[in-house]
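Working notes for the structure below.
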Amino acid sequence: MEYRMADLARAAGITVRTVRFYRERGLIAPPRRDGRIAWYDDGHLARLRTIAALLERGHTLNGIADLAAAFEAARTPDGFASALGLDEPTEETPVRLSPEELADHFEGEVTPENLAAALDLGYLAVDGNDIVHISRRLLDASSALVREGVPLAAVLAAAIEVRAHADALADLFVTTLRTHTANPDPDPTTLRPLAQTVVAAELSMALDRKLRPPPSSP
């Protein structure tokens, strides 16, 4: 649908003056012009509803403007796969989110800086009007850590280190199989569960060592 400004404001539940203010601030895209008439569409209405939802969640207009600019800068013409530089992960389930749903997962922590870090890490991509998180498991774990009191910036910084260690472990397993088996291209259906089992067991024991109370003094 297309709307004149008054109709758009009515549909969004705000005033014409507010629509004009948001347009001047760059919070919504310029309308399509047909002579002297400005036409807005459902994309403008969706953006106005997103702004209202983020304001209700405590974001400021300046913060929303910065987030909008970061989202626009992250858009790629080919969408999700192009943004991440790969096809969808083999075992992970990507999650599509609206900006307000992302804010709900990380209450008070969705800042332009954290968004940029997540985009750089490849956790997030922008696909059309959606935000795509590459992994349901990573999304759930990250939001759980934030709920435990860990700042999202610290979670993302740790993720960079985890990524480096995970790449090194993957290289180790692939190199070991290529060196000591007749098949130079290991079967992923064989390698993946074995590697995951070893890493999970070793990480569990490492956590035991780190979290075990020190022995009491005699």
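The values are calculated or read from the model by the stated rules, or taken from the named source; none is laboratory data. This is a predicted model, so every value here is computed, not measured. When we count neighbours, we look across all protein chains shown, and the Cβ atoms used for this are built from the backbone with ideal geometry, even at glycine. Side chains are part of the model used for accessible areas, which takes the heavy atoms of the whole protein and leaves out ligands, DNA and RNA. Shrake-Rupley method; radii C 1.70, N 1.55, O 1.52, S 1.80 Å.
Numbers for the structure displayed
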quantity	calculated
Sole residue being of a type in the set (A, V, I, L, M, F, W, C) and under 26 Å from the mean Cα position of the chain (by Cα), chosen from V198, V162	V162
Residue match in the stretch 202-211 (condition: open to solvent by less than 100 Å² (accessible area, probe 1.4 Å) and either polar (S, T, N, Q) or closer than 16 Å to E91 by Cβ (or both))	yes
Filter result for S143 (hydroxyl-bearing (S, T, Y) and surrounded by 13 or more Cβ atoms within 10 Å (Cβ to Cβ))	yes
Cβ pairs under 8 Å, 6+ apart, first in the stretch 153-170 and basic (K, R), second assigned to a helix (DSSP H, G or I)	R163/L121
Extreme residue, surrounded by the most Cβ atoms within 10 Å (Cβ to Cβ), among residues of the stretch 31-71 that are farther than 12 Å from M5 by Cα and hydroxyl-bearing (S, T, Y)	T50
